[in-house]
1. For the range A:20-35, which positions are more than 8 Å from chain B (Cβ to nearest Cβ), among the polar types (S, T, N, Q) and in contact with a strand residue (DSSP E or B) (Cβ under 9 Å, 6 or more places away or on another chain)?
2. Give B:G100, B:G42, B:G53, B:G96 a once-over and let me know the one that is of a type outside the set (D, E), within 12 Å of chain A (Cβ to nearest Cβ) and over 21 Å from A:L36 (Cα atoms).
3. Restricting attention to the range B:68-85, does a residue exist that is at pLDDT 95 or above, over 15 Å from the mean Cα position of the chain (by Cα) and under 30 Å from A:L50 (Cβ atoms)?
4. Of the residues in the range A:80-122, how many are among the small types (G, A, S), under 26 Å from A:Q138 (Cα atoms) and more than 11 Å from chain B (Cβ to nearest Cβ)?
5. It is to be established whether one or more residues within the range A:226-246 are part of a loop (DSSP other than H, G, I, E, B) and surrounded by 17 or more Cβ atoms within 10 Å (Cβ to Cβ).
6. Identify all residues within the range B:95-154 that are of a type in the set (S, T, Y) and surrounded by fewer than 22 Cβ atoms within 10 Å (Cβ to Cβ); write none if there are none.
7. With a cut-off of at least 3 residues that are in contact (Cβ under 8 Å) with a residue 40 or more places away in the chain, name the helices (runs of 4 or more DSSP H) lying wholly within the range A:25-130.
8. I'm checking my understanding of the structure. Among residues of the range A:41-61 that are over 13 Å from A:P11 (Cβ atoms) and within 13 Å of chain B (Cβ to nearest Cβ), which one is surrounded by the fewest Cβ atoms within 10 Å (Cβ to Cβ)?
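The values are calculated or read from the model by the stated rules, or taken from the named source; none is laboratory data. All values derive from a computational prediction rather than experimental measurement. Here the Cβ positions follow ideal geometry from the backbone for every residue, glycine too, while neighbour counts run over all protein chains shown.
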Amino acid sequence: MKPVAFDYVRPASISEACRLLAADDGARIIAGGQTLIPLLAMRLARPARLVDIARIPELAFIRDDADGVRIGSMTRQCVAERDATAARKLPLLAKALPWVGHPPTRQRGTIGGSIANGDPAAEIPLVAVTLEAVITVQDAVGIAEIAAGEFYLGPMITALADDGIVTEVRFPAWDSGRVGTGFHEISARSSDFAFVAAAAQVALDAGGCCTALAVGIGGAGDTPVRLEALSEALVGSHLGETEVRDAVAAACSDLETADDLHASAAYRKRVAATLARRAILDARDEAVGGRHAG
Amino acid sequence: MRVDLHVNGGTVGVDVEPRCTLLDCLRDEIGLKGTHAGCEHGVCGACTILVDGEPARSCLMLAVQADGHTLTTIEGLSPGPGELSVLQDAFCEAHGLQCGYCTPGMILAAHALLARTLAPTRADIVAAISGNLCRCTGYGQIIEAIALAAERLRGANVGMGGTRR
């Protein structure tokens with residue numbers, strides 16, 4: 001459990017980090033290190049050089065602006081978990097964060113690190129895909145924005161180039177109607193990797209009619225997915241139990257689920273539908289309970 | 001690489017390879033053997049310390065990442081030589097330990113919780129130590145020990161005094 005020897009550099013700016021990554025094929029970013037350091041310890045990762053982005057001040061922020069809430073990639077998960085803006089404007093992220101690892105890993109782990117790592121069972125990518133967040137990446141050539149739905153290509157495989165850095169994630173904030181959220185997850189033990197997770201956010205008008213709905217499933221397949229068909233089926237309804245159950249069953253019927261030691265594909269598919277239904281109904285009840293957006 | 005660590009109220013300068021974990025640095029370079037090496041890849045929590053007052057796994061940090069940060073290890077909790085903190089004493093009294101291997105990590109995780117609130121619910125306590133494995137106690141007495149310490153600290157009105165940072 002000792003890493004191989006490597007070089008270590010600590011750039012002071014994003015552009016300096018980009019130059020370091022572009023100049024060296026063996027260079028790899030370290031942010032919070034909560035995934036990378038175990039890989040180093042087991043020698044599954046053998047980078048020649050680590051580029052530590054933790055001290056780049058422009059990467060740690062939470063800002064509320066017209067486009068939503070922008071979270072800098074080096075923002076620690078525990079900071080986002082306790083942030084008043086995130087709690088108010090991004091209730092789904094706030095609900096999901098306590099499920100991420102354990103308190104000591106959230107103290108070091110970062111929002112951007114989880115986004116860039118792309119673990120199919122990770123909660124932060126699930127919330128990003130569910131809410132249609134936009135991920136900003138930068139490399140030595142320039143800056144690009146990638147929709148979360150297009151960022152995840154496979155398990156731990158993303159659209160991020162080897163010499164690119166995730167600099168921020170912009171989560172849309174829902175500003176109208178009564179907003180509620182639901183989050184459910186099944187794992188072997190609390191806070192272990194999810195076999196399946198479901199996230200839902202709904203907005204209701206004054207009469208209880210659904211005006212917006214976002215539902216995502218994580219852990220089930222190679223990447224987190226947003227169930228687009230559910231938004232089409234349920235917006236305009238009152239989210240009654242039967243119509244939610246039927247719509248979820250239809251939306252999950254062609255869900256691609258993984259088969260492994262922990263759970264079969266059929267189990268994951270069944271659980272995905274159950275958790276999605278519970279998440280939507282929880283979100284509806286929370287919205288009915290009078291939680292106002294903004 | 002030269003690294004300055006603020007450990008338990010003092011500052012220590014060490015020269016470490018970048019690949020040296022903070023855990024190995026604390027134990028082998030600085031000689032603070034109270035931080036226990038368990039799984040060494042972030043599963044068991046035995047190496048938990050406080051970084052800037054918050055619990056972190058020292059096997060999941062490189063010593064170079066901790067440069068300039070404030071660290072508290074189990075050695076920093078005792079109010080004086082041969083004395084125990086209220087929390088440490090509660091672990092003894094409630095039989096919150098058997099073999100003792102997980103104990104420093106458990107106590108630091110619990111210390112961070114009690115620094116935030118002296119009225120934790122059982123769920124708060126369970127969440128705070130959820131990243132720490134114990135193979136002896138079955139956890140029940142650990143939870144009781146932390147609740148006992150919280151009760152005593154509430155009564156004593158001394159907060160989490162005794163931490164040297």
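1. none
2. Answer to the check: B:G53.
3. Yes: one or more hits.
4. 9
5. yes
6. Selection gives B:Y101, B:T117, B:T121, B:S130, B:T137, B:Y139.
7. A:91-96, A:111-117, A:123-130
8. A:L44
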